[in-house]
1. Using a 1.4 angstrom probe on heavy atoms only, work out the carbon and sulfur share of the accessible area of the chain in %.
2. Let's see if you can work this out: charge +1 on each Lys and Arg Cβ, -1 on each Asp and Glu Cβ, no other charges. What is the dipole magnitude of the chain about its Cα centre, in debye to the nearest 20?
3. Quick check for you: with a 1.4 Å probe and neighbouring chains kept, what is the accessible area per residue of the chain, in Å²?
4. Using the per-residue mean of other Cβ atoms lying within 10 Å as a proxy for protection, in what order, highest first, do the peptides 39-52, 2-15 fall?
5. Please report the projected area of the chain's Cα convex hull averaged over all directions, in nm².
6. With point charges of +1 on the Cβ of Lys and Arg and -1 on the Cβ of Asp and Glu, referenced to the Cα centre of the chain, which listed residue (V4, N65, L32) lies farthest in the positive direction of the dipole?
7. Would you mind calculating the gained length between R37 and E18 on full extension (0.36 nm times residue separation, minus the Cα-Cα distance), in nm to one decimal?
Amino acid sequence: MAIVYQCSHCCLVVGRIEQQSINSSELGFDRLNTEEREAAISYQNNGDIHVQAICDDCYDALALNPSFHEIDTFIQ
């Protein structure tokens, strides 16, 4: 089982935790409400957990271009 953090904009894998067992509170998942959890976390058939995050490059692009928040995909 792995926990994979992936940028929701460019799909870059930002991080990966390889661990057989981990407490969700250690990852901060317990701080998310139901809607946030459903939007950010997905469970794969192979047991992996994918977490939507944002990479540094996409964060910077959004910070410099606030209008990018209005479109679904700003990566071409």
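The values are calculated or read from the model by the stated rules, or taken from the named source; none is laboratory data. Since the model is a prediction, treat every value here as computed from it, not as a measurement. When we count neighbours, we look across all protein chains shown, and the Cβ atoms used for this are built from the backbone with ideal geometry, even at glycine. For the accessible areas, the whole protein counts, side chains as well, though only heavy atoms, and no ligand, DNA or RNA atoms are used. Shrake-Rupley method; radii C 1.70, N 1.55, O 1.52, S 1.80 Å.
1. 47
2. 160
3. 74
4. Result, highest mean Cβ count within 10 Å first: 2-15, 39-52.
5. If you wrap the Cα atoms of the chain in a convex hull and average its projections, you get 5.9 nm².
6. V4
7. Extra length from R37 to E18 when fully extended: 4.8 nm.
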